[in-house]
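Here is the structure we will look at.
The values are calculated or read from the model by the stated rules, or taken from the named source; none is laboratory data. Since the model is a prediction, treat every value here as computed from it, not as a measurement. Because the Cβ atoms are built from the backbone with ideal geometry, glycine has one as well, and the counts that use them run over all protein chains shown. What goes into the accessible areas is simple: the full protein's heavy atoms, side chains included, and nothing from ligands, DNA or RNA. Shrake-Rupley method; radii C 1.70, N 1.55, O 1.52, S 1.80 Å.
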Amino acid sequence: MMSYHKKLDHFFKQRAESFSLNGINIDMNRKQSYVHSNIECEFKSLPKDAKWVDNSNLDYNDSSYVSSSNESEYDFHGKIELHFINFNYDFSYIPEKEIEKFREYMNGNEDLGDWDIDFHDHWVMNHSTTPYQFSKGNYSIDGKEFEDYLILNRDFYSEDYGDNVFEEPFNGVNSMVNYKGYLIFHPTENKFVPVSLICTGSYLHDQLNLDIVFNDKKQLKELAEIFDGSSEFRYTSDVADYVLKLNQDYKV
């Protein structure tokens, strides 16, 4: 039986090997541009008698797990962010005047909020797929609270793209999608357990992050505080922590 920490170690080693195979090299002290997406999900250990009931049509997918007991097998639940990142993103196709304006937005120009939406719709979204990288969040086990990485089994999978990449959550009416067939590694039971995984309705679709230096704590702090901490750049510290772990321990 593999412990939680050994399972995390195995997970990060696999990620580092994947980076190497795909030619992704990250220097913590040099500017890095990437595209980031995320999906916020609530999860909960499923009851032993839970079954997936398909309730969908051409317009609406209301499929979900149902149970007669409604008693989770484990007291294990929480809210996590699924992070998708396309590292070493080549944005050279975007006109320089648009990039310069985006730099203004990244510097905290709130007047460019509506412009930024149009910018991403036209220049960034759907220009490439964004691979799943990691999940991290707050969770509870037997009443005790934790904040850390959690490991999905399988990696998030997009049916539309047929790959482990971001897919905008939409069930035909809203973004509160029920995901089928996921397990999360239970940190104290030391095994994967079946969970309900439901998008809260909050997600980020293909956000460009320009010239990020992952070792520059001042820059990361300033980005996190843009627009009173409500901007898309509040996740840069989580991405930096992930990259730092890969660099320090696994030499990406």
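Taken over region 122-148, the residue count meeting the criterion of being among the aromatic types (Phe, Trp, Tyr), more than 26 Å from Phe91 (Cβ to Cβ) and under 11 Å from the mean Cα position of the chain (by Cα) is 0. Total residues in region 99-113 satisfying the condition of being in a helix (DSSP H, G or I), more than 24 Å from the chain's Cα centre (by Cα) and either surrounded by 14 or more Cβ atoms within 10 Å (Cβ to Cβ) or free of Cβ contacts under 8 Å to residues at least 12 places away in the same chain (or both): the figure is 6.
Within the set Asn57, Asn107, Asn88, the sole residue that is of a type in the set (S, T, N, Q) and within 27 Å of Ile151 (Cβ to Cβ) turns out to be Asn88. Has region 87-103 got any residue that is among the β-branched types (Val, Ile, Thr) and out of contact with any Leu (no Cβ under 8 Å at 6 or more places or on another chain)? Yes, because at least one residue in region 87-103 is among the β-branched types (Val, Ile, Thr) and out of contact with any Leu (no Cβ under 8 Å at 6 or more places or on another chain).
Remark: Ile198 falls outside the filter, which requires a residue to be touching a helix residue (DSSP H, G or I) at 6+ places or on another chain (Cβ under 7 Å) and β-branched (Val, Ile, Thr).
The set of residues from region 14-46 being open to solvent by less than 70 Å² (accessible area, probe 1.4 Å) and among the hydroxyl-bearing types (Ser, Thr, Tyr) comprises Ser18, Ser33, Tyr34, Ser37, Ser45. Taking region 201-226 on its own, how many of its residues are out of contact with any helix residue (DSSP H, G or I) (no Cβ under 6 Å at 6 or more places or on another chain) and of a type in the set (Phe, Trp, Tyr)? Matching residues across region 201-226 total 1.
Take the conditions (1) exposed (fewer than 14 other Cβ atoms within 10 Å of the Cβ); (2) under 21 Å from Pro131 (Cα atoms); Phe87 misses just one of them, which is (1). Scanning region 155-180 for residues that are of a type in the set (D, E, K, R) and under 14 Å from the mean Cα position of the chain (by Cα) gives Asp155, Glu167, Glu168. Applying a threshold of 8 Å to beta carbon distances and a minimum spacing of six or more residues, or different chains, the list of pairs starting in region 166-193 at a residue that is free of Cβ contacts under 8 Å to residues at least 24 places away in the same chain and ending at one that is assigned to a strand (DSSP E or B) reads Glu167/Ser158.
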